[in-house]
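Data block below; observations after.
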Amino acid sequence: KDLRKPIVSLYFQDNLSKEVSKESRLIDSKNLLREPYQELLKMLISGPENENLEKVIPEGTKINQISLNDDILTIDFSNEFVEKSTDDIKRYNSVNTIVKTLTELTEINGIKIIIDGKEIDGFKEIDLDFKEIITAKKFEK
């Protein structure tokens, strides 16, 4: 049986410029069909294959739950996502890479991030309020 491997676009932070860059990757379509959002997030958490890129989602971050309502994907992360996030560029880009990667899927237009089941302010000080729905437009230069 021919298992075609789809190409997905994942976004990571460039080591030097700190801009967000795309990494294309072939993935097993079985996993993508079964749990597409989970699968993409797991790949973001585990980091890039390209050594010029770096991951920005903090070590130890877990995905508690994911749900899609209309075109908004709500991701419930463990508190490592906010607690272990060190500098503002990484914080900003951790959200940026998630939003850019997941809104590549046609059914998703916005991302809502909650932490351990609760709505929080998130990274409000860098204009990323987790009480709001975050879209790719937010990161357009």
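Quick notes on this structure:
- Report summary: the helix-based calculation at 222 nm, which adds -39500 (n - 2.57) for every DSSP H run with n ≥ 4 and divides by the residues of the chain, gives -7000 deg cm²/dmol.
- Here the Gaussian network model covers the chain, with springs between Cα atoms less than 10 Å apart; of Leu105, Leu16, Leu44, Leu16 fluctuates the most.
- Here the chain carries DSSP beta bridges of which approximately 75% are antiparallel, counting only pairs with both residues inside.
- Residue among Lys100, Lys112, Lys18 with the largest mean-square fluctuation in a Gaussian network model of the chain, springs linking Cα atoms under 10 Å: Lys18
- Judged by the gyration tensor of its Cα atoms, with axes a ≥ b ≥ c, segment 29-141 is rounded; a/c sits under the 1.5 cut.
- Rg over Rh [alpha-carbon atoms, Kirkwood Rh] for segment 1-45: 1.08
- With every protein chain in place, segment 9-94: carbon and sulfur % of accessible area (1.4 Å): 45 percent
- What the Cα atoms of segment 30-76 give is an Rg and a Dmax of 12.1, 36 Å.
- A dipole drawn for the chain from +1 and -1 charges on Cβ atoms has a positive end, and of Asn79, Leu32, Ala136 the residue lying farthest that way is Leu32.
- Given +1 at the Cβ of Lys and Arg, -1 at the Cβ of Asp and Glu and no other charges, the dipole of the chain around its Cα centre is 400 debye to the nearest 20.
- Think of a 1.4 Å ball rolled over the protein heavy atoms: segment 1-97 then has 57 Å² of accessible area per residue.
- Greater than 22 Å apart at Cα, pairs in Lys84/Lys118; Lys30/Lys131; Lys55/Lys131; Lys22/Lys118; Lys22/Lys137: Lys30/Lys131; Lys55/Lys131; Lys22/Lys118
The values are calculated or read from the model by the stated rules, or taken from the named source; none is laboratory data. Source: prediction; values computed, not measured. In this analysis, Cβ positions are derived from the backbone assuming ideal geometry, glycine residues included, and neighbour counts consider all displayed protein chains. Calculation scope for accessible area: heavy atoms of the full protein, side chains included, ligands and nucleic acids excluded. Shrake-Rupley method; radii C 1.70, N 1.55, O 1.52, S 1.80 Å.
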